[in-house]
Amino acid sequence: MKTPRADLKKVAFNLYPGEHPGDRIAADLIENTRLKERGSAMRDLLLTGAALSLVDERLPRLIASVLDDDMGLERIKKLIGSIVPDAFAVSESAVAPPAPAQDAPPDPASAPVAPTEADGPTGAEKTEQQLAREAMRRKANVMLGGGEG
């Protein structure tokens, strides 16, 4: 039997799919996730809200309050832009990455890696949710300085 961790925080809350479209969408996402992956998926969803709250504590509640089947990237960008007006302004450093030194060897971390069976399904076999989750993890890895891994 595992010893309980002192730093473990258990989170429990209710969803009301019959009353709120956002709750129904969240419940559907959870139900359509494999049982073994549900805990991780729910944690990812919660941490996404936490990340948004670091930008502005109003963002998670605003987005959750209008979440429905018509929610898409453009609508989310408009919602974020209504609170953080320059959120999607493109800076020069984001457009042009620094050029490598003339004599610098190629960065092995940027080399493409062929997928293996251990990576799970590939191409058409992957669901949109799996692809989005992988993209989010890659982006977070890059943002945290871990490379594309």
Which of (1) in contact with a helix residue (DSSP H, G or I) (Cβ under 7 Å, 6 or more places away or on another chain); (2) within 26 Å of GLU134 (Cβ to Cβ); (3) at pLDDT 90 or above is the odd one out, the single condition ASP56 does not satisfy? (2)
Return the pairs, sorted by first residue and then second, in which the second residue is part of a loop (DSSP other than H, G, I, E, B) and open to solvent by 100 Å² or more (accessible area, probe 1.4 Å), the first residue lies in region 9-23 and is under 18 Å from VAL66 (Cα atoms), the beta carbons are less than 9 Å apart, and the residues are 6+ apart or on different chains. PRO21/ASP69; ASP23/ASN14; ASP23/TYR16
Of all residues in region 22-46, how many are more than 23 Å from GLU57 (Cβ to Cβ), of a type outside the set (A, V, I, L, M, F, W, C) and either over 21 Å from the mean Cα position of the chain (by Cα) or part of a helix (DSSP H, G or I) (or both)? 8
Tally of residues being exposed (fewer than 13 other Cβ atoms within 10 Å of the Cβ) and either within 16 Å of ASP23 (Cβ to Cβ) or under 13 Å from the mean Cα position of the chain (by Cα) (or both) across region 52-66: 2
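The values are calculated or read from the model by the stated rules, or taken from the named source; none is laboratory data. What you are looking at is a predicted structure, and each value in this text was computed from that prediction instead of being measured. Positions of Cβ are backbone-derived with ideal geometry, glycine not excepted, and every protein chain shown enters the neighbour counts. To get the accessible areas, we keep the full protein, side chains included, count just its heavy atoms, and leave off ligands, DNA and RNA. Shrake-Rupley method; radii C 1.70, N 1.55, O 1.52, S 1.80 Å.
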